[in-house]
Amino acid sequence: MDSKYLIGIIVAIIIIVGAYMAFAGGSDQKTIEIAGSTSVQPVAEKLAQAYMEKHPDVKINVQGGGTSVGIKSAKEGTADIGTASSKPKDNESQGLVQTEIAKDGIVVVVNKANSVSDLTINQTKDIFSGNVTDWSKVGDSAGTINILTREDGSGTRDGFEKIIMGKTDIKKDAIVQSSTEAIAQAVKGDTNAIGYISLAHLTDDVKAVKINGVTASESTVLDGTYKITRPFIFLTKGEPTGTVKDFIDFCLSAEGKALIKEEGAVPV
């Protein structure tokens with residue numbers, strides 16, 4: 001047999017085998033899509049990163065968008081796991097399995113220059129409804145209160161409205177922000193601002209206000225003495241199976257709980 005012809009055959013075999021191995025290796029790659037609450041997002045990202053380090057054949061993509069996006073994505077199957085920071089309404093939850101991975105406090109925050117350090121639930125409600133419009137009415141020097149809130153569909157807003165506002169609406173001209181980080185940044189830059197953010201995202205850039213004399217912390221969220229709390233939930237379309245189930249089991253393990261705690265949420 002001609003040596004050039006033989007070499008050609010060998011090269012062709014190598015290319016075919018290489019292509020097959022690449023295809024076979026690629027087919028072993030498993031992907032999990034996660035989307036939803038921007039409050040849950042950093043916790044989910046931390047858990048995903050740790051899981052992928054243990055399972056290099058798994059790729060986990062984590063996106064935000066809000067709790068409403070998490071519910072919709074899980075129901076439609078465009079995400080393997082939808083994330084929510086409030087329990088779905090009865091008409092939203094059909095077909096969805098809910099796994100609570102953590103609890104979180106919703107913290108009322110003001111600028112660090114603000115002297116107000118404690119508000120009652122009623123005072124908080126009066127401020128966010130617009131019944132109280134000047135800081136002098138609640139213990140600070142005079143100044144118009146600038147209210148910051150989250151968008152409709154936000155789990156943080158839903159939790160805040162259910163616990164603080166009841167059937168009373170947040171003031172219509174409140175400034176709407178699309179993430180808990182955006183509210184924190186806006187409060188940091190405005191001495192007259194007030195907003196609410198996830199405890200998991202609380203930093204020294206803003207001042208946390210006590211509610212009814214209780215500071216938001218891991219222990220007060222867990223024992224229920226801090227009243228503005230909400231769940232961090234994973235939503236799946238039916239019972240999770242395979243790699244998705246294994247990832248959720250990891251999140252609920254001792255290692256997963258430690259990671260959740262590191263991110264500032266309270267593992268259940």
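The values are calculated or read from the model by the stated rules, or taken from the named source; none is laboratory data. Just so you know, these numbers come straight off a predicted model, no measurement behind them. Using ideal geometry, Cβ is built from the backbone for each residue, glycine included, and neighbour counts are taken over all protein chains shown.
A few comments on the model shown:
Yes/no per residue for (1) in a loop (DSSP other than H, G, I, E, B); (2) surrounded by fewer than 21 Cβ atoms within 10 Å (Cβ to Cβ); (3) of a type in the set (S, T, Y):
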site: K89; (1), (2), (3): yes, yes, no
site: S93; (1), (2), (3): yes, yes, yes
site: N114; (1), (2), (3): yes, no, no
site: A142; (1), (2), (3): yes, yes, no
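- Of all residues making up the range 209-222, the number that are among the aliphatic types (A, V, I, L, M), within 14 Å of D104 (Cβ to Cβ) and either in the same structural domain as S85 (by TED's automatic domain parsing) or surrounded by fewer than 19 Cβ atoms within 10 Å (Cβ to Cβ) (or both): 1
- Qualifying residues in the range 196-229 (those that are farther than 19 Å from A184 by Cβ and in a loop (DSSP other than H, G, I, E, B)) - the one modelled with the lowest pLDDT: G224
Listed here are the residues, each with its yes/no results for (1) acidic (D, E); (2) under 18 Å from A265 (Cα atoms); (3) in contact with a Cys (Cβ under 7 Å, 6 or more places away or on another chain).
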residue: V40; (1), (2), (3): no, yes, no
residue: V43; (1), (2), (3): no, yes, no
residue: L47; (1), (2), (3): no, yes, yes
residue: D57; (1), (2), (3): yes, no, no
residue: I60; (1), (2), (3): no, no, no
residue: K75; (1), (2), (3): no, no, no
residue: S85; (1), (2), (3): no, yes, no
residue: K89; (1), (2), (3): no, no, no
residue: L96; (1), (2), (3): no, no, no
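- Pairing residues of the range 131-150 that are assigned by TED's automatic domain parsing to the domain that holds I170 and closer than 17 Å to I164 by Cβ with residues that are among the acidic types (D, E) and part of a strand (DSSP E or B), at Cβ distances under 7 Å and at least 6 apart in sequence or on separate chains, gives I145/D134.
- Yes/no for I211 being of a type in the set (A, V, I, L, M), over 20 Å from the mean Cα position of the chain (by Cα) and under 30 Å from D126 (Cα atoms): yes
- The set of residues in the range 120-137 being exposed (fewer than 14 other Cβ atoms within 10 Å of the Cβ) and under 28 Å from the mean Cα position of the chain (by Cα) consists of T120, N122.
- Any chance K89 is out of contact with any Gly (no Cβ under 7 Å at 6 or more places or on another chain), touching a residue at least 12 places away in the same chain (Cβ under 8 Å) and either outside the structural domain of E181 (by TED's automatic domain parsing) or more than 22 Å from S39 (Cα to Cα) (or both): no
- Residue check, D249 of a type outside the set (A, V, I, L, M), more than 18 Å from G155 (Cα to Cα) and not in a helix (DSSP H, G or I): no
- From G166, G195, G189, residue being assigned by TED's automatic domain parsing to the domain that holds K125 and in contact with a helix residue (DSSP H, G or I) (Cβ under 6 Å, 6 or more places away or on another chain): G195
- Among the conditions (1) more than 20 Å from K207 (Cα to Cα); (2) in contact (Cβ under 8 Å) with a residue 40 or more places away in the chain; (3) of a type in the set (D, E, K, R), the only one that D104 does not satisfy is (1).
- In this entry, T191 is excluded by the filter for residues that are under 23 Å from P88 (Cβ atoms), surrounded by fewer than 17 Cβ atoms within 10 Å (Cβ to Cβ), of a type in the set (V, I, T) and modelled with pLDDT of 95 or more.
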